[in-house]
Amino acid sequence: MRVYLDNAATTMTDQKVVKAMLPYFSEKFGNAASIHQFGKEAKKAVERARSIIAKKINADPSEIVFTSGGTESDNLALRGIAHANKHLGNHIITSKIEHPAILNTCNSLMEEGFEIKLLDVDNEGFVDLKALEKAITKKTILVSIMHANNEIGTVQPLDKIGQICKKHRVLFHTDAVQSFTKVPIDVKKMHVDLLSLSGHKIHGPKGIGALFVRKGVKLREEVTGGRHESGLRAGTENVPGIVGLGKAVDLTKETDIKKMKKLRDRLIGKLLKIKGSKLNGPKGNGRLCNNVNVGFRGVEGESLMMYLDTKGIASSTGSACSNLLVKEGGISHVLQAVCEDLEFASGSIRLTLSKFNTDEEIGYTIESIKEVVEHLRKISGFK
Ligand SMILES: *Cc1c(COP(=O)(O)O)cnc(C)c1O
C-alpha cells in the first residue's frame, strides 16, 4: 500500500485542476497583458481566478497579487512593507515558529538594518497576545504571524491579533499557506492587511501563489519589470497556474474538512495509546484539520520516518530546519519552541492528511507505526 501523509509539504494536484489548466498551455496560450483576442481570453481567465480567491477571504479582486508561491508572497509582504515604510520605523515583530520563508527573510532584513522581534509561543504553539502588544514600539511597522503552523498545526486567533495591530496602527501580515481553504478567513473582520497563500498546498499546481494586499497599503515592488499585477509584481502572469489555483479554491468543500478531522482524530487517539507518546501542538481546539504530530520516547523521528517509507507511508519529521535565527542541533525550530522535553521532540513525526486519504490507509498507518516504534525501541534498548 502507498499512503501519502505529507500534505503539509505538498498535495496531489486534483485531476479536475489539471483538466482546467490544460487549455491554457495550448489553444488558450495568450499573454494576459496582450490586448488582442488571445490576450483577452487569458486575461479573462486570470480575472476569474482572482475573483474566486478574493471571495474566499472576503477581499476585493483588485487586492490579490499573483506570485510564484507562498515563499515569494512572504518575501513580497515583508520586504515590500519594510522597504516602503522604512521612513516610519525599522521594527518588525514575528514569532519563533514561522516558516523559513518568513524567518530567513527577516534575517535578510536584519542585515539591512531592520530590527526583528521574535515572539515566544506557549507549549501548544500559541502566541501570547499580551506579549505581542507589549512588543509593539513606536518604530514597529509590521507584525507577521502565521495563521496555521505547518509542523504542529496550531491555528492562531487572527481576529485577536488583528485587533491589537489595528489598535496600535501597525500593519498585520499573516502566512496563511497552511490554513487557506481549511480555516475560514475574513480579512475584513480579522483586520488582516496582507495574507500569503499558495497553490500546491491545496491540490493546485506548484509555482503559483498570491498575496492579498489591502487597498491603501503601501508596498514596494520587489521584482521589477513590466507593470503587471498593479505594478506590485512584474513578469508575465502564469496563466495556467493561476487558472489551476482558482479551480483548486473552487473545489474546496466543507465535507472534506470534516473528513480530514475525523481521520485526524482517529490517528491521534490511536497513536497516543502507544506508551511513551505525546501530542505536539494543540490538544483541544485550535488544531488544523489535517495535522497530526506525535513524539515517541526512545525513538528517532528520522528512523521512524525511514521505516515507514519502506512500508509505503510518506511522513515527515518537520526537522529540515536550517535558518540562521534559530539553528540548534538537528531538531526543528518549531518543536524546540514548544517542547520542554527534547527527547520527545527528536522522536517526533508529522502526518498531514488530505481529502484523498481513506479510513483503510489510516488503519494501515496506525498498525505500521505501532510495529515500527516497538521495533526501534527494541534495537535501541529502550524500556
Ligand atoms: C509551504 C509553505 C510556504 C511556502 O510556500 P511555497 O508555495 O512552497 O513557496 C510558506 N509558508 C508555509 C506555512 C508553508 O507551509
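Quick notes on this one:
- Close amide H contacts of residue 298 (hydrogens built in the peptide plane, cut-off under 5 Å, sequence separation of 5 or more or a different chain): none are found.
- Compared with the dominant principal axis of the Cα atoms in the chain, helix 70-84 is inclined by about 50°.
- Of 297, 169, 50, the one that fluctuates the most in a GNM where the chain has Cα springs shorter than 10 Å: 169
- Calculated P(r) tail over 28 Å for region 1-144, as whole % of Cα pairs: 42
- Here the ratio of the Cα radius of gyration of region 234-383 to 2.2 N^0.38 Å is 1.19.
- Size of charge dipole - region 67-157 - debye, nearest 20, with Cβ of Lys, Arg +1 and Asp, Glu -1, no other charges: 420
- Among 150, 107, 280, residue whose mean-square fluctuation peaks in a GNM of the chain (springs only between Cα atoms under 10 Å): 107
- In the chain, the DSSP-assigned H stretches of four residues or longer account for a calculated mean residue ellipticity at 222 nm of -11500 deg cm²/dmol, using -39500 (n - 2.57) per stretch and the full residue count as denominator.
- Loop-located trypsin sites (Lys or Arg not before Pro) in region 188-221, at most 10 other Cβ atoms within 10 Å (DSSP): 215
- Note on residue 364 and residue 15: with the Förster distance fixed at 35 Å, the Cβ-Cβ geometry gives a FRET efficiency of about 0.90.
- Degrees between helix 37-56 axis and first principal axis of the chain (Cα, 0 to 90, nearest 10): 50
- Taken one residue at a time, the phi angles of region 218-231 give Karplus couplings (6.51, -1.76, 1.60, θ = phi - 60°) of 7, 9, 8, 5, 9, 10, 9, x, x, 8, 6, 6, 6, x Hz. Gly and Pro are set to x.
- Dipole magnitude for the chain: about 1040 debye, using +1 per Lys or Arg Cβ and -1 per Asp or Glu Cβ, origin at the Cα centre.
- Taking 372, 292, 17 as the candidate residues, the one with maximal mean-square fluctuation in a Gaussian network model of the chain, Cα springs under 10 Å, is 372.
- Phi-derived couplings, Karplus 6.51 cos²θ - 1.76 cosθ + 1.60 at θ = phi - 60°, listed residue by residue for region 102-117: 8, 5, 6, 5, 4, 4, 5, 5, 4, 5, 8, x, 7, 9, 10, 9 Hz, with x used for Gly and Pro.
- Whole-Hz Karplus values for region 354-365 come out as 9, 5, 8, 6, 10, 4, 4, 4, 5, x, 4, 5 Hz, taken residue by residue from phi with 6.51 cos²θ - 1.76 cosθ + 1.60 and θ = phi - 60°; glycine and proline positions read x.
- Rg/Rg_ref, region 101-232, where Rg_ref = 2.2 N^0.38 Å and atoms are Cα: 1.08
- With Rh defined as the Kirkwood radius, the inverse of the mean 1/r over Cα pairs, the Rg/Rh of region 180-230 is 1.01.
- Value of Rg/Rh across the chain [Cα atoms, Kirkwood radius]: 0.99
- Cut-off under 5 Å, modelled amide H: who pairs with residue 3 long-range: 313, 314
- The amide H of residue 67, built 1.01 Å from its N in the peptide plane, has 209, 210, 211 as neighbours under 5 Å, considering only residues 5 or more places off or on other chains.
- When the C-alpha to C-alpha distance is required to be over 28 Å, the pairs from 44/258; 262/311; 55/206; 56/261; 134/188 that qualify are 44/258.
- Against the chain, whose longest principal axis is taken from its Cα atoms, helix 239-250 shows a tilt of about 60°.
- Kirkwood Rh, angstrom, region 78-142 [1 / mean 1/r, Cα pairs]: 12.2
- Among beta bridges identified by DSSP and lying wholly in the chain, the antiparallel ones come to about 55 percent.
FYI, it's all coordinate maths here, none of it is from the lab. What you see is a predicted model; the values in this text were computed from it and never measured. Glycine also receives a Cβ, built like all others from the backbone with ideal geometry; neighbour counts cover every protein chain displayed.
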